Amino acid sequence: MPARVGMMALVDDATRRVLMTSDEIRRALTRMAHEIVERNAGVGGIVLVGIRTRGVPLARRIGRLIAEYEGEPVATGGLDVTLYRDDIATRVKVPSGPTDLPSDVHARTVVLVDDVLFTGRTVRAAMDALRDYGRPRAIQLAVLIDRGHRELPIRADFVGKNVPTARTEVVEVMLAEVDGRDEVILGKPTR
């Protein structure tokens with residue numbers, strides 16, 4: 001079965017291993033939503049900002065979960081960090097979508113949400129991009145998968161699953177909103 005619907009697979013089928021099923025993703029996001037509320041003593045002043053592409057639907061899901069049990073909506077938006085990356089000269093990539101922050105981030109707690117934390121460079125780019133929109137009171141990080149191999153001193157505050165990986169392996173997060181199904185897989189890259 002190919003790893004992506006309508007796209008080239010990133011993971012070779014022969015080495016493909018499921019890390020998280022749809023139910024495991026749902027449970028991890030539910031736990032993370034509770035942890036975010038507990039750490040921040042409620043939802044006042046919180047803004048969930050998903051890093052495009054898959055961080056945006058994850059932020060929206062976490063926001064819905066928090067609203068369900070807190071009875072109060074949480075501001076949620078998306079951030080495109082393409083032009084803030086330090087490897088932009090070596091990548092041929094157009095912006096993945098608009099930045100649409102729900103409100104002023106100045107003096108608020110911004111929870112950046114992403115699918116995979118690897119080297120930390122995307123998170124650094126996101127923090128640089130946020131500066132253009134104001135000065136948050138605090139920035140926290142929520143990731144579905146932390147795979148290690150950091151190149152920068154960045155650590156997630158909320159983690160769905162820690163997964164030890166080899167640098168040569170690929171972690172592929174698929175979400176229903178983008179890929180047609182929920183699943184996280186690990187394997188060797190396709191050639």
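The values are calculated or read from the model by the stated rules, or taken from the named source; none is laboratory data. Owing to the predicted nature of the structure, the values given are computational and were not obtained by experimental measurement. Cβ sites come from the backbone with ideal geometry, for glycine too, and all protein chains shown count toward neighbours. Please note that ligands, DNA and RNA were not included when accessible areas were found on the heavy atoms of the full protein model with its side chains. Shrake-Rupley method; radii C 1.70, N 1.55, O 1.52, S 1.80 Å.
Per atom type, the chain shows carbon and sulfur on 52% of its accessible surface, probed at 1.4 Å.
Determine the per residue accessible area of the chain with all protein chains present and a 1.4 angstrom probe, expressed in square angstrom.
Numbers: 9450 Å² over 191 residues.
Result: 49 Å² of accessible area for each residue.
Accessible surface comparison of 158, 118, probe 1.4 Å, protein chains only, largest first: the order is 118, 158.
With a simple spin-label model that places each label point 7 Å from the Cα along the Cα-to-Cβ direction, the separation between residue 138 and residue 107 comes to 1.7 nm. Angle of helix 55-70 to the longest C-alpha principal axis of the chain, folded into 0 to 90 degrees and rounded to 10: 50°. Compared with the dominant Cα axis of the chain, that is its longest principal axis, helix 121-131 is turned about 30°. In a fully extended conformation the segment linking residue 151 and residue 14 would gain 46.4 nm over its present Cα-Cα distance, using 0.36 nm per residue.
Sorted by packing (mean other beta-carbon atoms within 10 Å per residue), highest first, where do 40-51, 125-136 land?
Details: 40-51: 19.3, 125-136: 17.1.
Result, highest mean Cβ count within 10 Å first: 40-51, 125-136.
Compared with the direct C-alpha span, the chain from residue 188 to residue 166 gains 7.0 nm at full extension, assuming 0.36 nm per residue.
With each run of n ≥ 4 DSSP H residues scored as -39500 (n - 2.57), what mean residue ellipticity at 222 nm is computed for the chain after dividing by its residue count and rounding to the nearest 500 deg cm²/dmol?
Working: 4 runs with 49 residues, N = 191.
Taken over the chain, the calculation gives -8000 deg cm²/dmol.
For the chain, the share of DSSP beta bridges that are antiparallel, to the nearest 5, is 30%.
On full extension of the chain, what length is gained from residue 26 through residue 38, given 0.36 nm per residue of separation minus the C-alpha to C-alpha distance? Write down the numbers at each step before the final one.
On the way: separation 12, 0.36 × 12 = 4.32 nm, distance 1.86 nm.
In short, 2.5 nm is gained.
Each of the peptides 166-175, 108-117 was scored by the mean count of other Cβ atoms within 10 Å over its residues; in descending order, highest first, they stand as 108-117, 166-175.
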